[in-house]
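*Asks:* I'd like to ask you about the structure that follows.
The values are calculated or read from the model by the stated rules, or taken from the named source; none is laboratory data. Predicted model, so just to flag it, every value in this text is computed and none were measured. Quick reminder, even Gly has a Cβ in these numbers, built from the backbone with ideal geometry, and neighbours come from all protein chains shown. These accessible areas exclude ligands, DNA and RNA; they are computed on the full protein's heavy atoms, side chains included. Shrake-Rupley method; radii C 1.70, N 1.55, O 1.52, S 1.80 Å.
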Amino acid sequence: MIQHPNKNFIDPVPVRIYNQPPYCAHVEEETDGKPWSHDFKEYLAKGEYPEQVNHTQKCMLQRLSNHFFQSGGTLYGRTPDLGLLRSVDSKEDSRLLEEIHAGTFGPHMNGFVLDKKILRAGYFWMTIETNCIRYVQKYHQCQVTSAP
């Protein structure tokens with residue numbers, strides 16, 4: 001083997017580290033009493049950003065809003081195959097979790113299967129996977145095993 005004439009032949013890759021997480025990291029918190037979809041609806045309807053967001057969060061809101069569509073006051077999420085999923089708020093998501101997990105949609109299932117089943121039913125919210133996993137972990141009947 002021969003030695004390369006320049007020792008540093010690979011350029012370093014610049015990495016930017018932000019002090020504040022992007023906008024989507026705050027979607028689970030509803031500190032202002034408004035649902036997570038409120039900012040998306042306002043941005044899609046008026047093209048205005050919320051007052052408290054910085055430049056990074058504005059870019060993230062703009063990028064994420066490309067995946068949503070508003071019709072008649074209802075926010076829909078676009079899927080890669082051009083389907084639409086109705087976005088729900090935290091009040092309705094708990095009812096959906098309960099109904100789909102133990103109701104008419106079939107037997108009890110784990111969090112990941114529950115997540116996919118809700119998506120197939122046509123519903124969506126930003127923290128769907130986390131909420132499904134937490135719901136199944138707290139559901140007493142799924143955690144109790146019966147011994148023969």
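*Asks:* Tally time: how many residues in the stretch 69-98 are in a strand (DSSP E or B), under 15 Å from the mean Cα position of the chain (by Cα), of a type outside the set (Ser, Thr, Tyr) and under 21 Å from GLY33 (Cβ atoms)?
*Replies:* Of the residues in the stretch 69-98, 1 are in a strand (DSSP E or B), under 15 Å from the mean Cα position of the chain (by Cα), of a type outside the set (Ser, Thr, Tyr) and under 21 Å from GLY33 (Cβ atoms).
*Asks:* Residue check, LEU61 against (1) modelled with pLDDT of 85 or more; (2) open to solvent by 100 Å² or more (accessible area, probe 1.4 Å); (3) within 21 Å of THR130 (Cβ to Cβ); (4) not small (Gly, Ala, Ser), all met but one. Which one?
*Replies:* So the condition that LEU61 fails would be (2).
*Asks:* For the stretch 102-140, enumerate the residues that are β-branched (Val, Ile, Thr), within 21 Å of PHE69 (Cα to Cα) and not in a helix (DSSP H, G or I). Can you show your working first?
*Replies:* Within the stretch 102-140, the first condition is being β-branched (Val, Ile, Thr), and the residues that meet it are 104, 113, 118, 127-128, 130, 133, 136.
Okay, now just the ones that are also within 21 Å of PHE69 (Cα to Cα), so 118, 127-128.
Hit for the stretch 102-140 is THR127, nothing else.
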